[in-house]
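A short write-up of the structure that comes next.
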Amino acid sequence: MAKTRSESPPPVIPTSPKSEQAVGDVADMSVFCRAMAERAKSASFELLDLSSTIKNQWLEIAAGQLLIQSDIILSANALDVAQAPQFGLTPAAIDRLTLTSDRIQAIAVGLRAVAALPDPVGEILGGGIRPNGLEVKKVRVPIGVVLFIYESRPNVTADAAAIAIKSGNAIILRGGKEAYHTSLAITSILARAGEQCGLPDGALQMVNTIDRAAVGELLKLADYIDLVIPRGGESLVRRVTSEATMPVLKHYTGNCHVYVDRDANIAQAIAIVVNAKTDRMGVCNAAESLVVHSEIARSFLPKLNEALSLHGIELRGDLKVCSILPQAVPASEADWGLEYLGPILSIRIVDSLDEAIAHINRYGSKHTDAIVTRDLSSARRFTQRIDSAAVIVNASTRFNDGGELGLGAEIGISTDKLHARGPCGLTELTTYKYIITGDGHVRS
């Protein structure tokens, strides 16, 4: 009897020597970056012929290899975590950097989830037969070459590679120096799996230097790179936006709000706010700001404070909040717009739904904002008027996540409005072209 997959595990694929260039070992940064971009551009054309079967096979094998070689990844990650203090990382940033066996398992699950999704490439978006007989098709196609610049979250390395390759794009990964060794280990495993499956050379590359000059050189190469996605701190996003010669899909700060309406279920509101704030404080979809209707503030805030105190959360509030919660720190004007990424929550009391909406639209980052209410009309008005990538009713802001929304994984959460908004999965890394077919047609 033939052995099943579980009875015959895949062999360990060794990491690729080509992926192990020494940090900073670049004689000419301009030449180095151009060569990388040229390989990616060439690979992007070959990817157009790659079948969904091969792409999915790569994802499945890569997922298995990440688990088999988890000790290699964890060893590399331990080195990065040990060096984290010298980079001045906050506890929240170190948490984002740290991998465990369970987190590697989650990365593998994410790859397999992407494999299970429909391939968007080739989807017919529209068209028809014109009166003169011309056939017109609007067809979904890959963007081409994606440059992805991100900071100390090594799991994003695998997510970004999976989404890019599955959607037919070549990708150049430029991770932060804080996670260099971990990202290199993951990329090497993914690349070797790609060699086994027949991915074109240059389809998946990592910038194997921590020299910041590499970013500047890559951002000049609009002839080869079609889109750049910066994912990290605001300073990174602003630098990329100012220097890029190609389109930028931006992921700005996550100053996410929860508004507790006067008709909210108090127990439900407490559970939602606690989860939104404390589930993982160092991520972009964590709540940073709370807005509360004045009619329920005195009954709601003391109970919320009791729940949040168990997590060591500092509350910063306006004068009304401080009168209800004497232990709250008076909030400054700057507090309303801050992404704390840590154990601080700003609180504002308002007298109406419209005042809450105005406050959120003024100070929010257009990422994720939620309302807790039992009033359908209030929920409807909130979702219509809030200008954010995701607007949530009676649930935690933490649900604005690619995996939670059925995308399998995400390459980022765009706070732009064009060309993509919110979690960017497979379809967000595609564009379209028109295919027009005639039979000797000429225009008169």
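The values are calculated or read from the model by the stated rules, or taken from the named source; none is laboratory data. Keep in mind the model is a prediction, meaning the values are calculated, not measured. Every residue, glycine among them, receives a Cβ derived from its backbone with ideal geometry; neighbour counts consider all protein chains shown.
What tally of residues in the range 92-102 results from selecting those that are farther than 16 Å from E178 by Cβ and in a helix (DSSP H, G or I)?
From the range 92-102, those farther than 16 Å from E178 by Cβ are 100-102; that's our starting set.
Those left that are additionally in a helix (DSSP H, G or I): 101-102.
Counting residues in the range 92-102 that are farther than 16 Å from E178 by Cβ and in a helix (DSSP H, G or I) gives 2.
Being modelled with pLDDT of 95 or more, in the same structural domain as V228 (by TED's automatic domain parsing) and more than 26 Å from P91 (Cα to Cα), is that true of even one residue in the range 175-185? No - not one qualifying residue is present in the range 175-185. The residues of the range 247-261 that are more than 18 Å from H367 (Cβ to Cβ) and assigned to a strand (DSSP E or B) amount to a single one, V260. Tell me yes or no: at least one residue of the range 225-241 is more than 22 Å from the chain's Cα centre (by Cα) and in contact (Cβ under 8 Å) with a residue 12 or more places away in the chain. Checking the range 225-241: not a single residue is more than 22 Å from the chain's Cα centre (by Cα) and in contact (Cβ under 8 Å) with a residue 12 or more places away in the chain.
Can you tell which of L59, L89, L74, L79 is in the same structural domain as I171 (by TED's automatic domain parsing) and not in a helix (DSSP H, G or I)? The conditions single out L89. Among the criteria (1) in the same structural domain as L184 (by TED's automatic domain parsing); (2) surrounded by fewer than 19 Cβ atoms within 10 Å (Cβ to Cβ), the one E217 does not fulfil is (2).
So if I check each of D401, D387, D369, which one is touching a residue at least 24 places away in the same chain (Cβ under 8 Å) and touching a His at 6+ places or on another chain (Cβ under 7 Å)? Talk me through it step by step, then tell me what you get.
On the way: D401 fails: touching a His at 6+ places or on another chain (Cβ under 7 Å); D387 fails: touching a His at 6+ places or on another chain (Cβ under 7 Å).
Of D401, D387, D369, the one residue that is touching a residue at least 24 places away in the same chain (Cβ under 8 Å) and touching a His at 6+ places or on another chain (Cβ under 7 Å) is D369.
P17 meets the conditions (1) at pLDDT 95 or above; (2) out of contact with any strand residue (DSSP E or B) (no Cβ under 8 Å at 6 or more places or on another chain) in every case but one. The failed one is (1).
Of the residues making up the range 397-409, none is assigned to a strand (DSSP E or B), surrounded by 15 or more Cβ atoms within 10 Å (Cβ to Cβ) and not assigned by TED's automatic domain parsing to the domain that holds H359.
If you go through the range 376-389 one residue at a time, do you hit one that is of a type in the set (D, E), touching a helix residue (DSSP H, G or I) at 6+ places or on another chain (Cβ under 8 Å) and either part of a helix (DSSP H, G or I) or modelled with pLDDT of 95 or more (or both)?
Applying the first criterion (of a type in the set (D, E)) to the range 376-389 yields 387.
Restricting the remaining residues to those that are touching a helix residue (DSSP H, G or I) at 6+ places or on another chain (Cβ under 8 Å) gives 387.
Filter again for either part of a helix (DSSP H, G or I) or modelled with pLDDT of 95 or more (or both), leaving 387.
Yes, the range 376-389 contains at least one residue that is of a type in the set (D, E), touching a helix residue (DSSP H, G or I) at 6+ places or on another chain (Cβ under 8 Å) and either part of a helix (DSSP H, G or I) or modelled with pLDDT of 95 or more (or both).
For every residue, the table says whether it meets (1) assigned to a helix (DSSP H, G or I); (2) surrounded by 15 or more Cβ atoms within 10 Å (Cβ to Cβ); (3) assigned by TED's automatic domain parsing to the domain that holds I371.
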position: S235; (1), (2), (3): yes, no, no
position: T245; (1), (2), (3): no, no, no
position: D263; (1), (2), (3): no, yes, yes
position: A267; (1), (2), (3): yes, no, yes
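For the range 331-343, the criterion of a residue being in a strand (DSSP E or B), acidic (D, E) and closer than 29 Å to H251 by Cβ is satisfied by no position. With respect to the stated conditions, I189 fails to be under 24 Å from A286 (Cβ atoms), β-branched (V, I, T) and either assigned by TED's automatic domain parsing to the domain that holds Q65 or in contact with a helix residue (DSSP H, G or I) (Cβ under 9 Å, 6 or more places away or on another chain) (or both).
Given the residues V274, V321, V283, which is the only one that is of a type in the set (V, I, T), within 30 Å of E410 (Cα to Cα) and modelled with pLDDT of 95 or more? First the steps, then the outcome.
Working: V321 fails: within 30 Å of E410 (Cα to Cα); V283 fails: modelled with pLDDT of 95 or more.
None of the other options fit; the residue is V274.
Note on the range 421-444: residues that are outside any loop (DSSP other than H, G, I, E, B) and charged (D, E, K, R) total 2.
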